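One structure below.
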Amino acid sequence: MTLEEKGPIVPPPVLIKFPQQVSKEIQSWEDIISATHWEIGDSTSANGADFYLGKAELGHIHLTGEVHIPTGKPLADLLIKAKFAQKFPYGNDWIIHPINTKEDVLHALWLFKLNYNRIKGEPFEKLSAAINSYQK
């Protein structure tokens, strides 16, 4: 779904402590568009922060601090197998990860950066190598 299809494009809400740290950092990345993530079917109820790289969704952070990232199935499979992310319950090409601690902030940023690099065209082999060498 495109950003425009989700609802009005307005700045993202301020999130709770650790998720806000992730949101603020992602907003500083080159070419990132950030906006409010709306409740599905209700573009008047904010449910987090959306991040786009051009027309591609980088991912979003819900008000609860849960991250949803559309990595594509091959990358999602690797991340889940390595226990670096959890399976998204509504599709096998997204991952989820909670942000509850300071350590979760660093890990969530790593997940978002991995997807950022994927969208920017980094080869799958290089992304896979980054997963294999990552120390959580």
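The values are calculated or read from the model by the stated rules, or taken from the named source; none is laboratory data. Just so we're clear, the structure is a prediction, and the values are computed from it rather than from any experiment. Counting neighbours? That spans all protein chains shown, and the Cβs are built from the backbone with ideal geometry, glycine included. Please note that ligands, DNA and RNA were not included when accessible areas were found on the heavy atoms of the full protein model with its side chains. Shrake-Rupley method; radii C 1.70, N 1.55, O 1.52, S 1.80 Å.
Roughly how far apart, in whole Å, are the Cα centres of the stretch 1-30 and the stretch 38-64?
Using only Cα atoms, the two centres lie 7 Å from each other.
Go through the stretch 18-121 and name the chymotrypsin sites (Phe, Trp or Tyr not before Pro) that are in a DSSP coil and have 13 or fewer other Cβ atoms within 10 Å of their Cβ.
Working: sites: Trp29, Trp38, Phe51, Tyr52, Phe84, Tyr90, Trp94, Trp110, Phe112, Tyr116; in loops: Trp29, Phe84, Tyr90, Trp94.
Passing sites in the stretch 18-121 are Tyr90.
Report Glu39's accessible area, 1.4 Å probe, all protein chains in place, as a number in Å² to the nearest 10.
Approximately 80 Å² of Glu39 is accessible to the 1.4 Å probe.
Using 7 Å Cα-to-Cβ label points, what is the Ala46/Ser133 separation (nm, one decimal)?
3.9 nm
Give me the number: length gained by fully extending Phe124 to Trp29, i.e. 0.36 nm times residue separation minus the C-alpha to C-alpha distance, one decimal in nm. Could the numbers behind the result be given before it?
On the way: separation 95, 0.36 × 95 = 34.20 nm, distance 2.13 nm.
Here the segment from Phe124 to Trp29 would lengthen by 32.1 nm.
Which of Lys24/Lys126; Lys87/Lys120; Lys24/Lys136; Lys55/Lys113 have a Cα-Cα distance over 19 Å?
Working: Lys24/Lys126 27 Å; Lys87/Lys120 23 Å; Lys24/Lys136 21 Å; Lys55/Lys113 17 Å.
Over 19 Å apart, Cα to Cα: Lys24/Lys126; Lys87/Lys120; Lys24/Lys136.
Between Ile9 and Asn117, what is the FRET efficiency for a Förster distance of 30 Å, r being their Cβ-Cβ separation, to the nearest 0.05? Intermediate values should be presented prior to the final figure.
Values: r = 25 Å, r/R0 = 0.83.
E between Ile9 and Asn117, to the nearest 0.05, is 0.75.
Points 7 angstrom from Cα along the Cβ direction at Lys55 and Lys87: gap in nanometres?
So the label points at Lys55 and Lys87 sit 3.2 nm apart.
Among (i) 41, 30, 29; (ii) 35, 34, 26; (iii) 64, 36, 23, which is the computed Cα extents along the principal axes in Å?
The value computed from this structure is option (i).
Calculate how steeply helix 124-133 sits against the longest principal axis of the alpha-carbon atoms of the chain, using the helix alpha-carbon long axis, and give the answer as 0 to 90 degrees to the nearest 10.
80 degrees
Send over a whole-number figure in Å² for the accessible area per residue of the chain, probe 1.4 Å.
Values: 7380 Å² over 136 residues.
Computed with neighbouring chains in place, this is 54 Å² per residue.
At a 1.4 Å probe, what is the % contribution of carbon and sulfur to the accessible area of the stretch 1-78?
Values: 2230 of 3840 Å².
Of the solvent-accessible surface of the stretch 1-78, carbon and sulfur hold 58 percent.
Under 8 Å for C-alpha pairs, at least 6 residues apart: give me the relative contact order for the chain, rounded to a whole percent.
Relative contact order for the chain comes out at 20 percent.
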